[in-house]
Amino acid sequence: MSAAPEQILESVFGFPAFRPGQREIVDRLIGGTHTLSVMPTGAGKSICYQLPALIAEQLTVVISPLVALMDDQVAGLRANGVEAVCIHSNRSREDNVADWRRVQDGSIKLLYLSPERLMTERMLVALQALDPAMFVVDEAHCISKWGFSFRPEYEALSGLRARFPNATLSAFTATADIATRQDIATKLFGGKGDIVVRGFDRPNLRLAVTPKTDRNKQLLDFLEPRRDGSGIVYCLSRKLTDETARLLREKGYKALPYHAGLPQDVRRENQEIFMAEDAVIMVATIAFGMGIDKPDIRYVFHLNLPGSVEAYYQEIGRAGRDGKPAEVHMLYGLDDIRMRRQFIVQDEGNEDHKRREHKRLDSLLAYGEATTCRRVALLTYFGESTEPCGNCDICIDPPTLIDGTKEAQMLLIAVARTGQVFGAAHIVDVLRGSASEKILARNHNALPVYGAGKDHPKNFWTAFIRQVVASGFLSIDVEGYGGLQLTEKGEPLLNDETGFEYRDIPKTKAAGSRKARAAVAALDDADSELLAYLKSLRRELAQQRKVPAYVIFSDATLHDMCVMKPNNLETLALVNGVGPKKLKDFGEIFLCALRENAA
């Protein structure tokens, strides 16, 4: 085709004008510039490479991670009269051969392949004979070990540049932080190309995070006024997915489960129902979502904490693709943090990979504990600056904050004076005056802030640091070793030109550390009475069961209950010495006692 891009856009795709940012990418690819495009979900990235493919004289090869995604893309192109095919193992050999012959005779403009099929020697040799005009890497974050969903088979795509020196290489993703972008560009282009970032902001999404108390009740309360809309409820496990879908059906919702444990035909049928019908809820694990282009998803609800900011951003990106208002709500529980940490530890990746995943999770926790605009915290992670949005839970209903300027300045001084290379654990040790070998060997015990924060327990400083990071005064060096670093915004705080306020931090154990002891605190008179009451209750239970009192709970465990004053089973489970069996047997009994004796 020799028509102008605007003509093709209207005559083939039916759009009267380009969306913001599309034309600059189209022009780069038409001009032969290697380009990585980072575009928010729903910004129309497919047009950016499909249109140049129609203008090019030779074949364009699109590398896509999912068979279903390839099939949907090809079906959409054919509906617009574009000759496109995909070749994959779910099709018959006869169909694949027939379509390959059409590719060879030049009647096909777009060929969709998985990375595994493309990077076989046989396919590469066959494509070299055709001299493709362009290769497109979709979901390009999969190519980078810095990415949150790295796929080893994608890494082989770094060989395309040498194998096809005349082809333009392009890559597209909605989710890539700065380190991931640089890694993708280096692998694909050798650094000789452009990186175009069209922004991560989705202003039509209302962002909210709520501490988890009773997840089923919280979910039902959220859904009740939204019965007429379609949405996605994300769960951490297959079991929870099935249980939640069943609960919602019992409450009158049309809810369908989706996870990798279901037969493929059931998953496909449920997806088709969700795509075609109104007021359907898809209850799903992360197995559902990539390539889903239902424009009128009105909400995404996370029952559990995602694994990273990137994963969270990708999952909420399925809401509101039509540009109309949509809501994204995440429940944030301490047990989620423990489970996510456990997943990382059990991962088969090397230590570098695990370290990166821990730091990515840290960044998501910081987002969950944000005390100022959530959109600011979210976009800051991706390297963007913005003003408070007025469309998140914190902007709409600001929390009560405590002046933490002194503590924040102590923290920033500790980070600066230790060289901006140490993670939170070391900085906390400096502030609390630890005499660890690591501190003494580096002479950090001579710093002016050494021991200045000893009045606060470790869990306070851990949560406080997350809030400071979420507010943009510090950043986490994910590309390095997770060291805390001052940002441009941190300098005025250090110089006393601005202040810092933080959300109150409950006196519980450090997030994610199930066996960590609660901070030891002196009991006041009221707490002493409470401790005596709990011991009396323990004695009664021990007598009923004819066991020593310590078999029920130790004195230390009762002491910690008095310090922490848990108000639900989730926080009671964090008390040292409260295991799953004791939580089940005695949890409600002791919670009732704590409530009755609350000051």
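The values are calculated or read from the model by the stated rules, or taken from the named source; none is laboratory data. Just so we're clear, the structure is a prediction, and the values are computed from it rather than from any experiment. All Cβ positions, even for glycine, are placed from backbone atoms using ideal geometry, and neighbour counts span all protein chains on display.
Among the residues of the range 226-240, at least one is without any contact (Cβ under 8 Å) to a residue 40 or more places away in the chain and on the phi < 0 side of the Ramachandran plot. Considering the range 202-219, the residues that are of a type in the set (Lys, Arg) and within 19 Å of the chain's Cα centre (by Cα) include one that is farthest from Phe301 (Cα to Cα), namely Arg202. Of the set (1) over 30 Å from Arg23 (Cβ atoms); (2) of a type outside the set (Asp, Glu); (3) under 22 Å from the mean Cα position of the chain (by Cα), all apply to Gly199 but (1). I'm trying to understand the selection: among the residues of the range 209-236, which are more than 17 Å from Ile281 (Cα to Cα) and out of contact with any Phe, Trp or Tyr (no Cβ under 9 Å at 6 or more places or on another chain)? Those that are more than 17 Å from Ile281 (Cα to Cα) and out of contact with any Phe, Trp or Tyr (no Cβ under 9 Å at 6 or more places or on another chain): Thr213, Asp214. Quick check, is Leu127 part of a strand (DSSP E or B), more than 18 Å from the chain's Cα centre (by Cα), at pLDDT 85 or above and not assigned by TED's automatic domain parsing to the domain that holds Gly383? Judged against the criteria, Leu127 is not a match.
From the list Leu69, Leu111, Leu29, the lone residue that is within 25 Å of Ala156 (Cα to Cα) and assigned to a strand (DSSP E or B) is Leu111.
Within the range 113-136, the set of residues being surrounded by 13 or more Cβ atoms within 10 Å (Cβ to Cβ), out of contact with any Leu (no Cβ under 6 Å at 6 or more places or on another chain) and of a type in the set (A, V, I, L, M) comprises Leu113, Leu118, Met119, Met123, Leu124, Ala126, Leu127, Ala133, Met134, Val136. Applying the condition of being part of a helix (DSSP H, G or I) and of a type in the set (Val, Ile, Thr) to the range 271-316 and asking which residue is surrounded by the most Cβ atoms within 10 Å (Cβ to Cβ) yields Ile316. Cβ separations smaller than 6 Å between residues 6+ apart or across chains give the following pairs from the range 9-30 residues that are under 19 Å from Gln58 (Cβ atoms) to residues that are in a helix (DSSP H, G or I): Val26/Pro5; Val26/Cys48; Val26/Leu51; Val26/Pro52; Leu29/Pro52; Ile30/Pro52; Ile30/Ile55.
Applying a threshold of 7 Å to beta carbon distances and a minimum spacing of six or more residues, or different chains, the list of pairs starting in the range 92-113 at a residue that is modelled with pLDDT under 95 and ending at one that is charged (D, E, K, R) and assigned to a loop (DSSP other than H, G, I, E, B) reads Ser107/Glu83; Ile108/Glu83; Lys109/Glu83. With respect to being more than 35 Å from the chain's Cα centre (by Cα) and surrounded by 15 or more Cβ atoms within 10 Å (Cβ to Cβ), Ile108 fits the description.
Candidates Lys546, Lys535, Lys565: the one that is under 33 Å from the mean Cα position of the chain (by Cα), modelled with pLDDT of 80 or more and of a type outside the set (A, V, I, L, M) is Lys565. Screening the candidates Leu379, Leu401, Leu447 for the property of being of a type in the set (A, V, I, L, M, F, W, C), touching a Lys or Arg at 6+ places or on another chain (Cβ under 7 Å) and within 30 Å of Tyr313 (Cα to Cα) yields one hit, Leu401.
Ala416 fails exactly one of the following numbered conditions: (1) in contact (Cβ under 8 Å) with a residue 60 or more places away in the chain; (2) in the same structural domain as Gln314 (by TED's automatic domain parsing). What is the number of that condition? Ala416 satisfies all of (1) in contact (Cβ under 8 Å) with a residue 60 or more places away in the chain; (2) in the same structural domain as Gln314 (by TED's automatic domain parsing) except (2).
One residue stands out in the range 451-471 among those that are buried (at least 21 other Cβ atoms within 10 Å of the Cβ) and part of a loop (DSSP other than H, G, I, E, B): the one that is modelled with the lowest pLDDT, namely Ser471. Do you know which of the residues in the range 35-88 that are surrounded by fewer than 22 Cβ atoms within 10 Å (Cβ to Cβ) and touching a His at 6+ places or on another chain (Cβ under 9 Å) is modelled with the highest pLDDT? Applying the filter and picking the extreme gives Asp71.
Within the range 474-514, restricting attention to residues that are at pLDDT below 75 and over 17 Å from Ala463 (Cα atoms), which residue is surrounded by the most Cβ atoms within 10 Å (Cβ to Cβ)? Applying the filter and picking the extreme gives Val478.
Being over 19 Å from the mean Cα position of the chain (by Cα) and hydroxyl-bearing (Ser, Thr, Tyr) is the requirement here; does Thr180 meet it? Here the answer is no, as Thr180 does not meet what is asked.
This table checks each residue for (1) crowded, with 22+ Cβ neighbours inside 10 Å; (2) out of contact with any Ser or Thr (no Cβ under 9 Å at 6 or more places or on another chain); (3) of a type in the set (Lys, Arg); (4) farther than 24 Å from Pro52 by Cα.
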site: Thr168; (1), (2), (3), (4): yes, no, no, no
site: Ala171; (1), (2), (3), (4): yes, no, no, no
site: Thr175; (1), (2), (3), (4): yes, no, no, no
site: Ala179; (1), (2), (3), (4): no, no, no, yes
site: Lys187; (1), (2), (3), (4): yes, no, yes, no
site: Gly193; (1), (2), (3), (4): no, no, no, no
site: Asn204; (1), (2), (3), (4): no, yes, no, yes
site: Leu207; (1), (2), (3), (4): yes, yes, no, yes
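Does Ala133 satisfy the criteria of being under 29 Å from the mean Cα position of the chain (by Cα) and of a type outside the set (S, T, N, Q)? It is false that Ala133 is under 29 Å from the mean Cα position of the chain (by Cα) and of a type outside the set (S, T, N, Q). Restricting the range 448-461 to residues that are more than 15 Å from Asp504 (Cβ to Cβ) and of a type outside the set (A, V, I, L, M) leaves a set whose member that is nearest to the chain's Cα centre (by Cα) is Lys458.
From the list Leu262, Leu223, which one is within 21 Å of Asn391 (Cα to Cα) and either outside any strand (DSSP E or B) or at pLDDT 95 or above (or both)? So that I can check it myself, show each step before the final result.
Values: Leu262 fails: within 21 Å of Asn391 (Cα to Cα).
After ruling out the rest, the residue left standing is Leu223.
Every residue in the range 3-17 that is loosely packed, with under 12 Cβ neighbours inside 10 Å and either farther than 17 Å from Leu77 by Cα or in contact with a His (Cβ under 9 Å, 6 or more places away or on another chain) (or both), please.
Once the filter is applied, which keeps residues that are loosely packed, with under 12 Cβ neighbours inside 10 Å and either farther than 17 Å from Leu77 by Cα or in contact with a His (Cβ under 9 Å, 6 or more places away or on another chain) (or both), the range 3-17 yields Ala4, Pro16, Ala17.
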